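Participant: Pasting in a structure now, in structure tokens, and then I'll have a few things to ask.
The values are calculated or read from the model by the stated rules, or taken from the named source; none is laboratory data. All figures in this text were calculated on a predicted structure; none of them were measured in a lab. Note that we place each Cβ from the backbone using ideal geometry, even for glycine, and neighbour counts take in every protein chain shown.
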Amino acid sequence: MKTFLTYKTKELVDNSNKYYSINESKDLVKILRDSKFGRPTHVKLPKELGILPETLGLIVGEGYVGDRSFVFANSNENAVDLVLGFLKQFKVPIRIYLEVSTKNTPKAFVKKSKEFWENHLKIKLNRVRKREEFNNITKHGTIHLCMNGKIISEVIKNLVIKSKKKVEEDKEFSVGYLKGIFAAEGNVNAKKTTNCLYMVRISSKKQDERDHYKRCLKSAGLNIYCRDMPSVSKEEGKQKGWKSDKGRAGCVIISRWENFVKILMLDLLGINSEKREKFIRGFINNKFTKQFLDFENFINKKFIMKDAQLYFDFKGRHLNRLLTLHKLGYASRENINNKFEYKLTEKYMDLYKKIKSELKLFQITPLLNS
């Protein structure tokens, strides 16, 4: 069951501008802006507005809330569906257009992209913006969702501000929120030579935004061990002698196998299947994952260290891993006649089954240690 962050619309407006007059009926709130601020305008909104934490993360990561407009742009259909579902509850016009980078793409790419989104959204796209100066990096171009109006913008802005505070304090909210953040601003890093996962990043230029993300990660149960990667401006990049003239946005760095396991088990990359697959392929090549799966021979068995030594041909890294698995709760042990007897726990089985299901989903055959 999806959990929404819900608010009384009147409260969101009251906090934004004291010069609005508000009239409530049974189901709607009519908001009128005073004429001293230009031409009088009004809008009718539901008495209550809700947002999924996942949608909040997407908007915070890739949305734009201006003084008189809201824009969300994304090339992933799951992300577009979530934000579009949020916007539809306002019951005001939503402007939707497609942007396609056409440099070095086949002539039919624009037509196929338009057909894809029209079929997915079940609408007729009246506008397709072609960007001939950019190389395409998307499958079907980028959809833009736009809503105009000062009142609408202020309501969304206040809803986001209130919600960001709430998600820091609640694990369930923070997990959903991080799914949206990872889909919008997450990056999966694997070594080119081995395709081994070593880092997951959340990009953000501002330090206070990165601190906010770290509080949400802590609430979700992830620990940060590395310093943030700082932002580098265009000028600083030139001084460093970089080839790129764009600089670099800072980021929160998530490292260590235990954190990768939590990302997997909480499905934090579930919105964007491409990022999720890249993560799984890198995770399965991580040496700790390989050693974890190598213990599948001992599922539903009790064994002592000598058994593990013989099975792994006295390879020290596996034997050390057994002690780590015990420390992390994946293996239990008890002293039987002055010998420790080990058994893989339900926690081991939960992770084992999750990894196997992901491998089956993406048709990945791991090369395991033996």
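Participant: Kindly indicate which of Lys124, Lys130, Lys91, Lys111 is part of a helix (DSSP H, G or I) and farther than 22 Å from Lys275 by Cα.
Facilitator: None of the other options fit; the residue is Lys111.
Participant: May I pose another question? When the residues of segment 43-58 are narrowed to those that are of a type outside the set (D, E, K, R) and over 28 Å from the mean Cα position of the chain (by Cα), which ends up surrounded by the fewest Cβ atoms within 10 Å (Cβ to Cβ)?
Facilitator: The selected residue is Pro46.
Participant: Only one residue in Phe283, Phe295 is within 15 Å of Tyr342 (Cβ to Cβ), aromatic (Phe, Trp, Tyr) and touching a residue at least 24 places away in the same chain (Cβ under 8 Å), so which one is that?
Facilitator: Phe295
Participant: Still on this structure: Take the residues in segment 298-312 that are in contact (Cβ under 8 Å) with a residue 40 or more places away in the chain and among the aromatic types (Phe, Trp, Tyr); name whichever of them is surrounded by the most Cβ atoms within 10 Å (Cβ to Cβ).
Facilitator: Phe303
Participant: Same structure again: For Leu268, state whether it is in a loop (DSSP other than H, G, I, E, B), closer than 19 Å to Met199 by Cα and in contact (Cβ under 8 Å) with a residue 24 or more places away in the chain.
Facilitator: Yes, satisfied.
Participant: What's the number of the only condition in (1) in contact with a Leu (Cβ under 9 Å, 6 or more places away or on another chain); (2) of a type outside the set (Val, Ile, Thr); (3) free of Cβ contacts under 8 Å to residues at least 60 places away in the same chain that Phe288 fails to meet?
Facilitator: The failed condition is (1).
Participant: Just for segment 325-342: of the residues that are under 22 Å from Lys262 (Cα atoms) and in contact (Cβ under 8 Å) with a residue 12 or more places away in the chain, which one is surrounded by the fewest Cβ atoms within 10 Å (Cβ to Cβ)?
Facilitator: Ranking the qualifying residues of segment 325-342, first place goes to Gly329.
Participant: Considering Arg317, Arg333, Arg281, which residue is assigned to a strand (DSSP E or B) and of a type in the set (D, E, K, R)?
Facilitator: Answer to the check: Arg333.
Participant: Condition first: surrounded by 15 or more Cβ atoms within 10 Å (Cβ to Cβ) and charged (D, E, K, R). Now tell me which residues in segment 313-324 satisfy that.
Facilitator: Lys315, Arg321
Participant: Follow-up. Going through segment 155-173 one residue at a time, which ones are closer than 20 Å to Phe90 by Cα and not β-branched (Val, Ile, Thr)?
Facilitator: Of everything in segment 155-173, those that are closer than 20 Å to Phe90 by Cα and not β-branched (Val, Ile, Thr) turn out to be Lys157, Asn158, Leu159, Lys162, Ser163.
Participant: Being closer than 23 Å to Val175 by Cβ, out of contact with any Asp or Glu (no Cβ under 8 Å at 6 or more places or on another chain), polar (S, T, N, Q) and modelled with pLDDT of 95 or more narrows it down to one residue among Asn223, Asn189; which is it?
Facilitator: Just a single option satisfies the conditions, and that option is Asn189.
Participant: Now for a separate question. Quick check, is Asn135 within 30 Å of Lys262 (Cβ to Cβ), touching a Lys or Arg at 6+ places or on another chain (Cβ under 6 Å), polar (S, T, N, Q) and surrounded by fewer than 19 Cβ atoms within 10 Å (Cβ to Cβ)?
Facilitator: no
Participant: Quick one: in segment 337-370, of everything that is touching a Phe, Trp or Tyr at 6+ places or on another chain (Cβ under 9 Å) and assigned to a loop (DSSP other than H, G, I, E, B), which residue is modelled with the lowest pLDDT?
Facilitator: Ser370
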